[in-house]
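Here's the structure we're looking at; comments come further down.
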């Protein structure tokens with residue numbers, strides 16, 4: 001009885017493989033017609049999204065103090081190779097190190113978790129809007 005069930009399962013498996021190999025998927029081609037100005041608009045949008053002057057972005061501050069310590073902290077951050085931009089900013093009377101340009105607080109929180117191991121006093125903030 002076991003041999004009969006074994007033969008049935010082998011034949012069933014073979015039949016399924018045969019049917020699967022004989023079935024073909026549909027093939028076709030897609031032509032996309034778009035205006036040439038769309039690529040220019042996409043490039044402009046990409047430039048705007050990566051702009052650091054956007055005031056509605058979140059940043060992380062890892063240091064505030066004198067210039068020599070700020071430069072030392074910035075080089076320590078760059079040595080971590082986290083692939084986030086760092087910027088030395090002067091706001092009277094201190095030099096500050098700002099990291100990143102995050103769209104959401106969630107992105108900034110994730111980056112802060114990585115940074116806090118080396119810079120425990122780091123925090124998230126939104127820069128003040130610049131007066132025009």
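Every number in this text was worked out from the coordinates using simple rules, so none of it is lab data. It should be emphasised that the depicted structure is a prediction, and the values quoted were computed from it without experimental measurement. With ideal geometry, Cβ positions are generated from the backbone for all residues, glycine too; neighbour counts draw on all protein chains shown.
General observations
- Gain on full extension, evaluated as 0.36 nm per residue between residue 82 and residue 10 minus their Cα-Cα distance, stands at 20.5 nm.
- Once the Cβ-Cβ distance of residue 105 and residue 33 is raised to the sixth power relative to R0 = 41 Å, the FRET efficiency obtained is 0.55.
- Cβ-derived FRET efficiency at R0 30 Å, residue 45 paired with residue 118, nearest 0.05: 0.30
- Cα shape, region 55-125, gyration tensor, a/c 1.5 rule: oblate
- Residues 89, 30, 10, ranked from the fewest to the most other C-beta atoms within 10 Å, line up as 30, 10, 89.
- Each peptide in 107-116, 37-46, 66-75 gets a packing score, the mean of other Cβ atoms within 10 Å over its residues, and the list from highest to lowest is 107-116, 66-75, 37-46.
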